[in-house]
Each structure stands twice: as C-alpha cells, then as structure tokens.
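Rule-based calculations on the coordinates, nothing more; no lab input. Note that the structure is a prediction, hence the values are computed from the model and not measured. Note that we place each Cβ from the backbone using ideal geometry, even for glycine, and neighbour counts take in every protein chain shown.
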Amino acid sequence: MSNVLVVVHIADNEVKKAVLCTAAFAKTAAGNLGGSYDILAIGADLSSAKDALTTLGAQKVLLAQGADMGDALAERLVPVIEQVVKAGDYKMVVSPASSIAKDVLPRFACRMGAGMASEVVALSFDGGKFTYVRPMYAGNVNGAVQIDSDIEVVTIRPTEFEAIEPGAASSAVEDVALPAPEAVCGKVEFLGFEKSVSSRPDLAEAAVVASGGRGVKSKENFKLIEDLADAMGGAVGASRAAVDSGFIHNDFQVGQTGKIVAPDLYIAVGISGALQHVAGMKSSKVVVAINKDEEAPIFQIADYGIVADLFKVVPELTAEIKKIRG
Amino acid sequence: MKILVPMKRVADPDNANKVKISDDATQVTSEGLEAKPNPFDEYAVETAIRILEDGVGSGNLRGEVVVVTVGGDDTMRQVRQCLAMGADRGIIVDGDDNQLDATIVANALAKVVEKEQPDLVVMGKQAVDGDSNQVSQALAELLGWPQATFAGNIEVPADLSSATVTREVDGGAAKVKVQLPAVISVDLRIVSPTGVNNNVAAGKEYQDGPRYASLKGIMKAKKKPVDKMSLSDLGVDQTLKVRTVSFTAPPQRSAGVIVETVEELVAKLRDEAKVL
C-alpha cells in the first residue's frame, strides 16, 4: 500500500489546472510513501485529454470512458473507482475538491470503509503517517487531521498547491473495463446539465476576479461588476449576501461553502468581508476592496482599498483599465 | 410520507470568528456563543415542510417530518427550534461532538433510518463547523439509496412518488430524478421563494429563507415528542476513522493601503503589484 491514485472527472477533453495541482499533491504523497501515483480519468470522451494526462509524471493513466461516465452520477462512479482501487496498491485516493468529487468521494470512502479529509490545504508526513490540514469553522480555524483506515480518501483545494510542470509523455495508458451499473443506478436518472451561460473564464481558475456583494444592491446593477470583469478578461464572483439577495446565481458564490478562488487579482466590490467570504478568496495574490464603509472588515485583508461609492468608482475603474489594456 | 431531517447543533455561524483554540491546541471552544441549528440543516427542515405542506405556509403537512440529531443532551433546544418551525417529532442520539466523525454519524443515521423507515432523508450539504460535506453521501451508500446532493431546487409530483432535483454544481446546474427512498442534501437556494415545488401548493411563492417559528409553533413544540437513544443502543461502532490532532489559527492577510483615487489605484496595480 504505497501508491496514490488521483481521480479526476474530465469534461470536454479539458485538463484543467486543478488536475495539475492534484498531480503535484500526489507526487509529494507518493514520494513520502516511497511509491508512485496513477491517474484515473473519468469522462464521456477522453480521446484528446489522455495525451496531456500522460505528461504529468504518473506511472499509469487509467481511462474510464463511456457515455454514462460523463453524467458523473455518484451511484455509477463509485464501483468504477472501487474496482480500480482494489486492483491496485493504493494507500491514498485524492481528487481536486470539485463539485463532482465532493459528491462522489464521500460515497466511495464509505464503500471502502475509509476515512476522508475534505478540502485539504496542506500535507505533512511524519512517522509513516499523513497529517492533513483543512479549514473549518468557515475558515476561522485550521484543523490537522489524521486518518486511521487502510485507504485514506482526500479532496484538496487545488489553489493551495503549485501545479506540476508537464514533462515528456511517460505514463502507460490503460483502459478500464467498466463494471456493470449497480441496482441503485436504476433509481436515479440523469436529466441533463444546464451550463451557466458565460463567455468569461472559469471562476475557480481565472487570473482575475471581480466580485460583488450586498452593496451592489440589485441584479441589474451587477452589470457593473460584469463590465469590470470583462475589461480585465476576468471572471465574476459574488458574496453569499449577493446570492442570498438573488442578485446572481449561487454558482458564482465565493466562500467557504461556495467556490474557493486564488487569482492574481481579486476586486471585492460592495463586499463587507464576512469571514465566510474571506475563507474563499484569501489566497488571492492581490486583493482590492471598494466599499463606502471604511469600517468594513474587507479593508483589513485588502492590499489596496478605496473608501467610496462603488456606483461612482467602478465605472471609472473599468474605463481606466480599458485604456491600459487598449 | 415520512421525511427524516438530520440536524447538527453548531456554534453561532455569524460569530464563527469568535471561536477559540484551547491552549493545548487540541480543542475549539465556542464558549459564550449561542448554539444554533446548522443553517443548511435549518434549510432542510424548511425544505421538508415545503415538500409536505398542502398550501404555501399552511403548516398542514401531508405526512410527518422527524428531526434527528447526534449530539449531547443539550441539543434539545435546537431540536425544539426545528419542531417550532413545524417538524413533528425529534430524536436525539447521545454523542460527544469531539468523538464523532462522518462515518460514525452516517452509521448512526442509517440505524435511525432502519427504525423509522422514512421515504426521504433531507439534510444540509455540510455542517458549518466541521465543513466536511460527507455525511449525506455516506448515508446514501450505507442505505443503498440514490443521492442528490447540493439541491438548489426540488420538484415533487403531487403523489410524492419521486423527486426531480436541480443540483448546484461547478459551471451550472445538473438535473436528476431520484426514486424514493433517497437522500437529498440541500444548498443555499433551496429556500428561495421557488426552491421547492410540490405541485400542490404550486404557483405560489414562499417567503425567502427558512420560516420563523410562530409563538403558537413554539408553544406546540414544547409538547412534541423527542426520543432519546445512545450510539450504543443503536449498535454503532464508535471507533474514529478521522481524528483531529490539533487546531491552529490560519495565516491572516494584513491590511494594505487606502488609496484616494481610481488613477492612484490603477497606477499601484500596474506598477507596484504588477497585476494589470
């Protein structure tokens, strides 16, 4: 039991940065164990993703490909992962903390009788035992946890780990013979996926994020945030208060219970800076806060702040940035 | 129809920044903070009531909502809060929060499901103290039931024979239809005015957010039955698979500078921070 299995779900043949970060985590963990790491890729079509996956230093790249793999139902994926893990010599199973992994891995861990650490931000190894650091209490406390089971199941926050540098295509590629669906699959039907219509980059991986909070006041006003994001080629985010108020869909929520982001530049507009929100963006390189309340806690964590009316400042900022970026 | 709603008692999440780490770093203490039902679980209670209600806000349920918690004796207050919202009965499984993990809680809940035979389990997607987001999925696995996690919208036919769940996932919404019995975990938007459609109270909108308990509800809750049992009564293996060995304060960002004008900000972002 000295190897690590990275489990990733791949859509549209796109190997995201999160996969590279998880491979880096697996490399470290496998190094600690004196073993190697494999990548289990799951998806409807992995035809062009597989080449990129072979450059990430894994011993093997295992492809679980099939029409129903794309739907990513936990009931269908658990036996697939189980089969691969039982055929290997794995001490650890790790995924980036995507919504798919959050849905599937706890069910898988239960199947294996394994303990699981969610949304890990740091790893250490001492005396033959892993310790995982993970944020708790809306990011106010970091807990160091250890797992006492044969297999340890982990999801990581990819933003907390450097991506692995892709090298030569070195991994052996194997197809996974998919097990038949279990009886429970007859009790759940995938009806479809409605993609958020956005021409902007993926919030979780964007280099620039402009986020709006309660101070934006309405759904219509969110256009200001969108214009700012577009001027920078960035993504749009929101605080929980903005989502609660119905200004924007929950998919855009940045925070401990929403998306975790770590862009080069994070602009918080009309966001007070509740800890719940800060927990989701505090690893950003540079944080800008725009808020008319000078007492807003967001200024305590921002590199640059402007105490002003956002309805005046944001259009100005958008115009200035447009000038620079031509 | 019977709906089981697992609920965790947590320290007031609006004051989570006031939790303290003990001197020996082995415990988090929430002294002085009000204990509350985990917000996502409170949403689950609201969801269960909306599924069964025969009219928007009527409080007349076409079945039973049973709230269960695994925690100490002092969780009675939070259980009563859920009963005051309109749930019918409570169950307290005695357990010490520091000696529980997702496996133990899921196993305890599976035993309660065995006894209670609900048609549906609705619970919060995660507790806002441990932030693990594991129990609903593990419970579904133990029961061999389908799961629909992170529900932002639930539609049930009038005969309550299945549930169509819109799940809030990365990049959009995934829609699944589950046969009952099933486990559903709920996300924020489930308590929006149109988060639940039971095709009985159709066409009408709920108030935004979980309902407040009425005075009448609070009085009635005092008389509603709450059963108590222990993990040992249920025959649950209490060996921890996940142990928290220590707690630390996360690294903090420090405050930077306040600038006066947009020009100044842009100059700093371009020349100093080099992010534009």
Hull shadow area, averaged, chain A [alpha-carbon convex hull, nm²]: 17.7
Chain A: antiparallel DSSP beta bridges as a percent of all, rounded to 5: 15
GNM result for chain B, Cα springs below 10 Å: residue of B:Phe150, B:Phe40, B:Phe247 fluctuating most strongly: B:Phe247
Evaluated at q = 0.12 Å⁻¹: base-10 log I(q)/I(0), Debye formula over Cα of the stretch A:150-219: -0.86
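So which of A:Lys50/B:Lys175; A:Lys27/B:Lys18; A:Lys60/B:Lys241 end up more than 32 Å apart by C-alpha? Write out the running numbers ahead of the final one.
Numbers: A:Lys50/B:Lys175 28 Å; A:Lys27/B:Lys18 37 Å; A:Lys60/B:Lys241 29 Å.
Table pairs above 32 Å Cα-Cα are A:Lys27/B:Lys18.
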Scattering curve values for the stretch A:56-147, log₁₀ I(q)/I(0), Debye with Cα scatterers, q = 0.12, 0.23, 0.26 Å⁻¹: -0.45, -1.35, -1.46
Two-decimal log10 I(q)/I(0) for the protein assembly as shown, as the Debye equation yields it once each C-alpha is a single scatterer, q = 0.07, 0.12 Å⁻¹: -0.41, -1.28
Assigned charges on the beta-carbon of Lys, Arg, Asp, Glu; the stretch A:182-250 dipole about Cα centre (debye): 300
Hydrodynamic radius of chain B per Kirkwood, over alpha carbon pairs, in Å: 20.2
Gaussian network model of chain A, Cα within-10 Å springs - most flexible of A:Phe161, A:Phe190, A:Phe299: A:Phe190
Antiparallel content of DSSP bridges confined to the stretch A:3-187, in %, to 5: 25
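Let's see if you can work this out: charge +1 on each Lys and Arg Cβ, -1 on each Asp and Glu Cβ, no other charges. What is the dipole magnitude of chain B about its Cα centre, in debye to the nearest 20? Each step should come with its number before you reach the end.
Details: 32 positive and 40 negative charges, 145 e Å.
Dipole size: approximately 700 debye.
Which of the residue pairs A:Lys292/B:Lys125; A:Lys17/B:Lys177; A:Lys312/B:Lys268; A:Lys195/A:Lys217 have a Cα-Cα distance greater than 28 Å in the structure shown? Before the final figure, lay out the partial values.
Details: A:Lys292/B:Lys125 34 Å; A:Lys17/B:Lys177 32 Å; A:Lys312/B:Lys268 19 Å; A:Lys195/A:Lys217 26 Å.
Over 28 Å apart, Cα to Cα: A:Lys292/B:Lys125; A:Lys17/B:Lys177.
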Among B:Ala202, B:Val242, A:Phe25 - extreme Cα towards positive end, dipole of the protein assembly as shown, charges at beta-carbon: B:Ala202
Nearest-ten-degree value, helix B:39-52 long axis tilted from longest Cα axis of chain B: 40
DSSP-loop trypsin sites (Lys or Arg not before Pro) across the stretch A:172-243, with at most 14 other Cβ within 10 angstrom: A:Lys219
Relative contact order of the stretch A:223-326, pairs being alpha-carbon contacts under 8 Å that are 6 or more residues apart, as %: 24
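Report the relative contact order of chain A, percent, no decimals, based on alpha-carbon pairs under 8 angstrom and at least 6 residues apart. Please report the intermediate quantities before stating the final value.
Numbers: 706 pairs, mean separation 47.5, N = 326.
Averaging sequence separation for qualifying contacts and normalising by length gives 15 percent for chain A.
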For the stretch A:176-304, Kirkwood radius (reciprocal of mean inverse C-alpha pair distance, Å): 15.6
Rg [Å, one decimal], Dmax [Å, integer] - the stretch A:3-187, C-alpha atoms: 15.4, 45
Net dipole in debye of chain A [+1 Lys, Arg Cβ; -1 Asp, Glu Cβ; about Cα centre; nearest 20]: 440
GNM result for chain A, Cα springs below 10 Å: residue of A:Ala168, A:Ala231, A:Ala308 fluctuating most strongly: A:Ala168
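Per-residue Cβ counts within 10 Å, from other chains only, averaged over A:74-81: what number is that?
Numbers: counts 7, 8, 0, 0, 2, 0, 0, 0.
Mean shielding count: 2.
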